[in-house]
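The values are calculated or read from the model by the stated rules, or taken from the named source; none is laboratory data. These figures come from a predicted structure and were not determined experimentally. For neighbour counting, all protein chains shown are included, and Cβ atoms are generated from backbone atoms with ideal geometry for every residue, glycine included. The accessibility values were calculated without ligands, DNA or RNA, using every heavy atom of the protein model including side chains. Shrake-Rupley method; radii C 1.70, N 1.55, O 1.52, S 1.80 Å.
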Amino acid sequence: MKIIAARVIVTCPGRNFVTLKIETDKGLHGLGDATLNGRELAVASYLTDHIIPCLVGRDAHQIEDIWQFLYRGAYWRRGPVTMCAIGAVDTALWDLKAKAANMPLYQLLGGRSRSEVLVYGHANGRDIEETCDEVARYQSLGYRAIRAQSGVPGLASTYGVSADKMYYEPADAALPTENLWSTPKYLAHTPKLFEALRVRFGADLALLHDVHHRLTPIEAARLGKALEPYALFWMEDATPAENQAAFRLIRQHTVTPLAVGEVFNTIWDCKQLIEEQLVDFIRTTVVHAGGITHLKRIADFAALSQVRTGCHGATDLSPVCMGASLHLATAQPNFGIQEYMRHTPETDEVFPHAYFFKDGALHCGERIGHGVDIDEKLAAKYPYKRAYLPVNRLEDGTLWNW
Ligand code: CS2
Ligand code: MG
């Protein structure tokens, strides 16, 4: 099956998405998500200007060889732009291989290991009371696992809290907005949020929280310890993870489960975290960590240390990524949970897909390939619109982690 053409489709149905479409001499096409929130055009150019000329004429079935060619052949290895571009090619090639085999993609990844893919949704509110009400609303929608984020008294804004309760979009301006942060205010507030949630919802509801890289290791240890009475499903991105060894300190102080990895793009970013069991869930994704091929490597490596997958699934990962992720989650033995921040109806219209939500889980569907397509005519109606993620400053002006 020969690659005869490939092109990048940039569209902005409310937010920017970058999609790679690979076409073959068998009349089949494959799609890969190449969206890197806030740096979309860098990946679009990496694909158009540097990768696509090398793809045309190759055998689309040679997924591993093409992956190695793109990874080793670049000389400059790793990094979010490179691995996002490789991820898009890899995902499109797996989509093609499954279509050529006339099978849903999960059948090529080991077949069905579970009847459903447990997901978690995002409840957020300006304060504890509104957040509790939103958790109740997500529970009524059928979610069995819910992430809770609330405003922090004394801070004008914080991560994960938005006016629109259904569709959270952090890339909110044509130049980075500046948020203010106070760790003392956050640490004083967050245990109260989870105490209120446990009082209202009891012990069974799986509750998650995203710290979003904002604490130092000892502060993360303190928060993890303070949250132990509320038995979270996980505390995510407790501290920046470039220094993987920093998680030893957190682990020494708390049994609150830890999840990390949405900003990782290769196995090297998390090798120590996994080998030393410094995390419980790894959040790397199909789009940002080199596609199905590399994500499966990471997941299988994680299984050796009883670390489970907990793939990132925010709105800035397109339905193409979600579709592919669900097929891997359907087959992967050490699947843990899948994040599911719903896409807007206009996004879903651009990316028709087979997956569906039912009773707190997603199902990948039985369509051949990863089950997601793109309506190029509709996509063309939404031109790219530059948008940045915010930056964060401490109250004294120090630039901090957003
Ligand atoms: C967040 C994301 O969903 C999450 O866990 O960390 O919303 C993240 O902020 C965005 O994907 C960044 O583009
Ligand atoms: Mg996160």
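Worth a mention:
- In the condition set (1) of a type outside the set (A, V, I, L, M, F, W, C); (2) within 14 Å of ligand 1 (Cβ to nearest atom); (3) over 16 Å from the mean Cα position of the chain (by Cα), H312 is compliant with all but (3).
- Within the range 20-39, the set of residues being farther than 20 Å from H294 by Cβ and either out of contact with any Asp or Glu (no Cβ under 9 Å at 6 or more places or on another chain) or not charged (D, E, K, R) (or both) comprises E23, T24, D25, K26, G27, L28, H29, G38.
- Restricted to the range 123-232, the set of strands (runs of 3 or more DSSP E) holding at least 3 residues that are open to solvent by less than 20 Å² (accessible area, probe 1.4 Å) comprises 145-150, 206-210.
- Which listed residue, of G291, G313, is at pLDDT 95 or above and farther than 18 Å from V117 by Cα: G291
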